[in-house]
1. For a quick check of your reading of the filter: which trypsin sites (Lys or Arg not before Pro) in the stretch B:245-290 sit in a DSSP loop and have no more than 16 other Cβ atoms within 10 Å?
2. Calculate the spin-label point distance for B:A208 paired with B:S231, positioning each point 7 Å from the Cα along the beta-carbon direction, and give it in nanometres.
3. May I ask you to sort B:T147, B:T16, B:T110 by Cβ crowding, counting other Cβ atoms within 10 Å and putting the fewest first?
4. Please list, in chain and number order, the residues 5+ apart from B:L183 or on another chain whose amide H is under 5 Å from its amide H, with Hs placed from the backbone.
5. Quick one: work out the % antiparallel among DSSP beta bridges in the protein assembly as shown, nearest 5.
6. Round to the nearest 10 and give me the degree value, 0 to 90, for the angle of helix B:191-203's Cα axis relative to the longest principal axis of chain B.
7. Rounding to the nearest 10 and keeping the result within 0 to 90°, find how far the Cα-based axis of helix B:168-178 lies from the longest principal axis of chain B.
8. Give the order of B:M37, B:M95 when sorted by the count of other beta carbons within 10 angstrom, beginning with the fewest.
Amino acid sequence: MSPGLLARAEHAVKAPVWGCQMCGQCVLHSTGLTCPMTCPKQLRNGPCGGVRANGHCEVKPEMRCVWVKAYERSERLPVWRGHLDHLHPPVNHALEGDSAWSNLVSGRDRQTPAGWMASPDVAA
Amino acid sequence: MSLLEGKLARREFVVTAEVPVIDAGGQDEIERQLAPMREYVDAFNATDNPSAHAHCSPLAVSIGLRQAGVEPIMQLACRDRNRLALESDLVGAAMHGIENVCCLTGDDVTAGDEPESKRVFDLDGVQLIKLARVLDGGRYLSGRPLTPAPHFFAGAVENPSAPPLEYRVRRAAKKAAAGARFLQLQLCYRTELLERFMMTAHDTGLSARIALIPSICILRSVDGMRFVASSVPGIDVPPSYVDRVAQAADAEDECFEIAYELATHAMAQPGVAGLHFISFRRDAGIAKLCRRLGIKPQHESESHGHRPSVALG
């Protein structure tokens with residue numbers, strides 16, 4: 001299957017279910033199967049401080065905060081629960097529009113900037 | 001090592017405060033804003049287009065604060081800059097001797113007076129903390145060497161009263177893992193939520209690893225309180241506070257009393273490392289509140305600038 005066709009097939013599956021934005025580096029499994037790219041700020045590491053008291057979005061008051069949903073769903077998932085605490089690297093904008101499935105297989109979705117890789121997280 | 005880093009390393013109680021936004025007036029304006037409170041404050045936050053309103057840049061104000069002889073905490077938000085601009089501002093800050101940085105995601109552009117702006121958010125707040133750590137390690141994000149490596153004392157913010165409440169301490173822990181050494185907490189008018197946050201942080205050992213600094217705001221009118229209640233993202237003000245100010249004979253006095261009560265409550269929490277003050281009054285509200293709380297001005301402290309510890313849990 002050509003890369004373009006694979007991306008279209010992936011979008012056809014993921015857009016109706018998760019509102020997939022085709023970032024090309026899917027992290028759904030670590031965010032309670034909630035796409036963080038549907039957050040208006042496209043945050044990859046948890047909710048901002050602007051979440052309303054009713055759990056709705058600072059930017060779109062009619063929408064529940066994506067990360068409130070991600071937290072609730074990740075707590076209910078039998079697997080990947082602790083993944084919500086993973087520190088996700090910056091989005092690689094060069095992968096936008098790619099098939100994340102293809103990038104998963106090739107490992108391109110896990111390539112992070114060399115400086116980021118050279119700086120380990122602080123141990124708890 | 002900055003004064004703030006040193007005091008927190010010695011587990012001395014710290015006082016930080018927000019410099020009111022600067023638009024014009026040069027160095028004189030910075031000196032004028034500092035004058036009523038500088039005696040009580042260890043480090044001053046230079047804000048970064050707060051509530052998505054444009055003002056003088058945090059780097060420029062931080063340089064001005066250094067010239068005024070006080071220590072800056074340069075706030076940096078992800079809303080207006082991509083990673084290249086964030087890196088250059090951090091390296092630029094280091095060039096001018098600014099070490100304390102406070103890394104924020106930032107209010108959305110829709111919170112401000114230019115909502116038609118493009119929102120950037122190339123990085124998020126947690127990634128920005130890690131970026132400061134990467135630079136501190138002597139590299140740009142790409143891996144290109146940065147020699148000699150600058151030193152940053154990086155911090156961030158967290159909001160104890162925004163959902164998902166059960167997750168907020170875990171998010172704070174994530175910021176510690178990214179390299180944050182202090183967290184200035186968002187204003188919290190729901191005291192039970194601050195208690196819950198501080199207790200969980202204490203029980204999980206987080207407050208031993210990262211300095212937690214609750215924020216206190218001194219308002220001066222019922223309109224100001226209604227504005228905070230309705231227009232500042234992520235702040236939940238119980239109606240009882242608004243009613244108190246609305247019914248008070250002197251609204252400004254009542255606002256001060258509320259700030260005093262909240263500050264006293266915050267100082268009594270386990271693991272509190274200091275307080276962060278924001279004042280919307282034109283007078284010396286922060287100095288007055290510090291005196292009432294028993295916080296001494298720096299020239300009266302036991303050793304120069306080294307205030308004895310207060311209420312460390």
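1. Details: sites: B:R281, B:R282, B:K288; in loops: B:R281, B:R282.
Listed in order of number, the matching sites are B:R282.
2. In this crude spin-label approximation the distance works out to 4.5 nm.
3. Working: B:T147 7, B:T16 24, B:T110 16.
Listed from fewest to most nearby Cβ atoms, that is B:T147, B:T110, B:T16.
4. Excluding prolines and chain starts, which carry no amide H, the hits are B:A156, B:A211, B:L212, B:I213.
5. 10 percent
6. For helix B:191-203, the angle is close to 50 degrees.
7. In chain B, helix B:168-178 runs at an angle near 30 degrees to the longest axis.
8. The most exposed by this proxy come first: B:M95, B:M37.
Here, each number is a calculation from the coordinates, and none is a lab measurement. Everything quoted here is computed from the prediction, not taken from an experiment. Counting neighbours? That spans all protein chains shown, and the Cβs are built from the backbone with ideal geometry, glycine included.
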